[in-house]
1. Which pairs do you get when a residue that is near DNA strand C (Cβ under 9 Å from one of its atoms), found in region A:47-71, comes within reach of a residue that is assigned to a helix (DSSP H, G or I), reach meaning Cβ atoms under 6 angstrom, with the pair 6+ apart or on two chains?
2. Select from region B:24-46 the residues that are surrounded by 16 or more Cβ atoms within 10 Å (Cβ to Cβ) and away from DNA strand C (no atom under 16 Å from the Cβ) and list them in ascending order.
3. Being of a type outside the set (Ser, Thr, Tyr), within 16 Å of B:Leu205 (Cα to Cα) and out of contact with any strand residue (DSSP E or B) (no Cβ under 6 Å at 6 or more places or on another chain), is that true of even one residue in region A:152-167?
4. I'd like to check which helices (runs of 4 or more DSSP H) are fully inside region A:123-207 and have at least 1 residues that are under 21 Å from the mean Cα position of the chain (by Cα), in contact (Cβ under 8 Å) with a residue 12 or more places away in the chain and over 25 Å from B:Pro15 (Cα atoms).
5. Which residue is nearest to A:Val189 (Cα to Cα), if the candidates are limited to region B:36-65 and must be more than 10 Å from DNA strand D (Cβ to nearest atom) and in contact with a Gly (Cβ under 8 Å, 6 or more places away or on another chain)?
6. Specify the residue that is surrounded by the most Cβ atoms within 10 Å (Cβ to Cβ); the eligible residues are those in region A:53-80 that are of a type in the set (D, E, K, R) and either within 14 Å of another protein chain (Cβ to nearest Cβ) or in a loop (DSSP other than H, G, I, E, B) (or both).
7. Out of B:Leu94, B:Leu129, report the one residue that is crowded, with 18+ Cβ neighbours inside 10 Å, more than 30 Å from B:Glu36 (Cβ to Cβ), in the same structural domain as B:Ile164 (by TED's automatic domain parsing) and in contact with a helix residue (DSSP H, G or I) (Cβ under 8 Å, 6 or more places away or on another chain).
8. Taking the conditions exactly as written (buried (at least 16 other Cβ atoms within 10 Å of the Cβ), of a type in the set (Lys, Arg), near DNA strand C (Cβ under 7 Å from one of its atoms) and at pLDDT 95 or above), does B:Arg19 satisfy them or not?
There are 2 protein chains.
Amino acid sequence: MPPSSIPEIVIGRLPLYLRTLSRMAAAGKEYTSSHELGQYLGISSAQIRKDLSHFGEFGKQGTGYNIAYLSGQLKRILKLESVWDVALIGVGDLGRAIAHYQGFIDRGFRVAAVYDTDPDKIGMKIGDLAIEDFSKMETDIQKRNIRVAMLAVPFSEAQNVTDILLKAGIKAILSYAPISIKVPSDVHVEYIDPVLHLQKMTFFLDK
Amino acid sequence: MPPSSIPEIVIGRLPLYLRTLSRMAAAGKEYTSSHELGQYLGISSAQIRKDLSHFGEFGKQGTGYNIAYLSGQLKRILKLESVWDVALIGVGDLGRAIAHYQGFIDRGFRVAAVYDTDPDKIGMKIGDLAIEDFSKMETDIQKRNIRVAMLAVPFSEAQNVTDILLKAGIKAILSYAPISIKVPSDVHVEYIDPVLHLQKMTFFLDK
DNA sequence: TAGATTGTTAATCGATTAACAATC
DNA sequence: TAGATTGTTAATCGATTAACAATC
């Protein structure tokens, strides 16, 4: 079954299931059901069962899902069994926060290289990584075979930096720049723009 | 036409249209079309016209949309004609980055108050705001009639803090904590969890 | 005028849900 | 066994798209 036959919206929910299962495991639970998971996430139990059914049969009638087992299967499906090296570009306030964030490693990612153009920043330490010269990024990423990048540069630089990331062989970009970037169809892009979320909510508020 | 009759997925795209129109205006463009907007965003022109048609008629046959006019209308629809005060809770690395972010004000938001529980941080300045004592948050938010909050606390605190925000009258929460929070149905919540985006993309990558 | 583009309708497409036999 | 819950089918629901008359 080729990945492309599975709706992208389903793929998007798997990490949410995994996150919830991890919380349950941390709370000492051993089993859960599609109903309980759905309650927790505000999703129907039928949807959860249907989503999972794209990948196999992971539960047991009567008892539901073994949390450890289902977590393991989701990690396998999402290719999270080993840790992905991620390149971070841009060390402003946001880049610094991302570099310091402790929540990546347990969930399959590691900031493995940090780049900036500012000569004052190059060489500075951030955690135990040295900030590296942006001009070395392309060859460096290529050499280290890094495939995932996070973009925390000003929006005016986003497309330029992206073009270099593409030449370096990056195949997945999480961009914090509030602009659409152009990439070939085999490269995946996700966006984070907090203002879009805020503006969506104000629609529903009384002025 | 009550807001509730408009699909939420449509509301979610309006801020994206607005952002794109702002970029076009900044580039000196005066008119655009549903086709051009769609090209830029990777959305069909029909979808854009349909989305807008929920709210009125903003274009002209033959010439398309006046960018300034449509931007103004979208701002009105999204209630962005004046600036919303936002409370920020949690001044770790992420909270600090959010407090320093310069991209809010032009798009309708202003970090108006910052709270933390750490006695060492209370009183410290962050930009031109003093970090305030979390214990004063509830009455303070109530008094100032703040309705929007951003949550940048550890996930273990997220629900506790949320419960206090609800008592203070907060109606919209943008949470950076990687956990589902429980709120009454008249309160809106949006989430930002970068790891969910990364995990979605690795599904499509070769290991 | 001729060309371009809107707003809207109807058709299509895809996602969600309800229901239930199977079975732990 | 009786109760619970799965995986799956078919029905429903909702969103997207194609097409086009209207008109700038």
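The values are calculated or read from the model by the stated rules, or taken from the named source; none is laboratory data. Predicted model only: the values in this text are computed from it and were never measured. FYI the Cβ positions are ideal-geometry reconstructions off the backbone, even for glycines, and counts take in every protein chain you see.
1. The qualifying pairs are A:Ile48/A:Ser34; A:Ile48/A:Leu37; A:Ile48/A:Gly38; A:Arg49/A:Ser34; A:Asp51/A:Val10; A:Asp51/A:Arg13.
2. none
3. Yes, region A:152-167 contains at least one residue that is of a type outside the set (Ser, Thr, Tyr), within 16 Å of B:Leu205 (Cα to Cα) and out of contact with any strand residue (DSSP E or B) (no Cβ under 6 Å at 6 or more places or on another chain).
4. Result: A:137-144, A:155-167.
5. Taking the candidates together, the pick is B:Glu36.
6. Ranking the candidates gives A:Lys75 first.
7. The conditions single out B:Leu94.
8. no
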